[in-house]
Amino acid sequence: MLEGVAGPVLDVGCGPGRVLDALARRGVMALGVDPAPAAVAIARQKGCAVLQRSVFDRLPGTGRWETILLLDGNVGIGGNPCRLLERCAALLRPGGALVAEVEGPGTGWRSCRARIERERETGRWFPWAVVGCDAVDGLASAAGLAVSEVRRLEGRWVAWLEHDGMERHACA
Ligand SMILES: C[S@@+](CC[C@H](N)C(=O)[O-])C[C@H]1O[C@@H](n2cnc3c(N)ncnc32)[C@H](O)[C@@H]1O
């Protein structure tokens, strides 16, 4: 997924920094953003640069990021993919790329609630969304992004979106 990814990269929902770490090994400059304190602490222990914030908070480099990552289903963050893609488009430089991991064909898209479960422990519900590769085109164009490629990589689906240089405010 990281092949050809150019910096500076913003890894949205970076969690404990697995991808940031992999980018650092490739010599690609990257910043992570994630509101979860425990995940941010782990990422920082690895030496990754991370802001403990939501992607919807104020972030540096608006309109100047070369690549934005929404991996591990992170296109679901916030439960409104149109709003999330619009936010990412505002952060990207015109012509920049958004790499989003999506679900397979026939999924469409839907908003839902999700929670983390582990044995008998359950977390609180949070808004989430699921986006299939068949639905990403429509969501992307409303946000000023165009799908340039969708690929299946070892059973996972990844969409490459490009910023068309136009500002959109189509999402509530
Ligand atoms: C599916 S996990 C992804 C984990 C990570 N990419 C990894 O390599 O392990 C989703 C992540 O999104 C983060 N997240 C949730 N809401 C967010 C928001 N509004 N802005 C940025 N990150 C968010 C969560 O804290 C969580 O770490």
Q) Checking Arg152 against (1) surrounded by 14 or more Cβ atoms within 10 Å (Cβ to Cβ); (2) away from the ligand (no atom under 13 Å from the Cβ), which single condition isn't satisfied? A) (1)
Q. Can you pull out the residues in the range 66-78 that are closer than 15 Å to Leu20 by Cβ and within 14 Å of the ligand (Cβ to nearest atom)?
A. Ile68, Leu69, Leu70, Leu71, Asp72, Asn74
Q.
Given the criteria closer than 21 Å to Val19 by Cα and at pLDDT 95 or above, does Cys112 qualify?
A. no
Q) Under the condition of being open to solvent by 70 Å² or more (accessible area, probe 1.4 Å) and within 12 Å of the ligand (Cβ to nearest atom), which residue from the range 17-56 is nearest to Trp160 (Cα to Cα)? A) Arg18
Q.
For the list (1) under 24 Å from Met29 (Cα atoms); (2) away from the ligand (no atom under 14 Å from the Cβ); (3) not charged (D, E, K, R), I need the number of the one condition that Cys88 fails.
A. (2)
Q: Test Thr62 against the stated conditions and say whether it is more than 16 Å from the chain's Cα centre (by Cα), open to solvent by 50 Å² or more (accessible area, probe 1.4 Å) and among the β-branched types (Val, Ile, Thr).
A: no
Q: Quick one: which strands (runs of 3 or more DSSP E) lie wholly within the range 1-106 and hold at least 3 residues that are touching a residue at least 40 places away in the same chain (Cβ under 8 Å)?
A: 9-12, 65-70, 92-102
(Q) Go through the range 83-102 and report how many residues are open to solvent by 20 Å² or more (accessible area, probe 1.4 Å) and farther than 16 Å from Val9 by Cα. (A) 2
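So which residues in the range 107-140 are among the acidic types (Asp, Glu), outside any loop (DSSP other than H, G, I, E, B) and over 26 Å from Val9 (Cβ atoms), if there are any at all?
Initial filter on the range 107-140 (among the acidic types (Asp, Glu)): 117, 119, 121, 134, 137.
Restricting the remaining residues to those that are outside any loop (DSSP other than H, G, I, E, B) gives 117, 121, 137.
Once the filter is applied, which keeps residues that are among the acidic types (Asp, Glu), outside any loop (DSSP other than H, G, I, E, B) and over 26 Å from Val9 (Cβ atoms), the range 107-140 yields Glu117, Glu121.
The values are calculated or read from the model by the stated rules, or taken from the named source; none is laboratory data. Worth saying up front: this structure is predicted, and the values here are computed from it rather than measured. Note that each Cβ is placed from the backbone with ideal geometry, even for glycine, and that neighbours are counted across all protein chains shown. Accessible surface areas use protein heavy atoms only, side chains included; no ligands, DNA or RNA. Shrake-Rupley method; radii C 1.70, N 1.55, O 1.52, S 1.80 Å.
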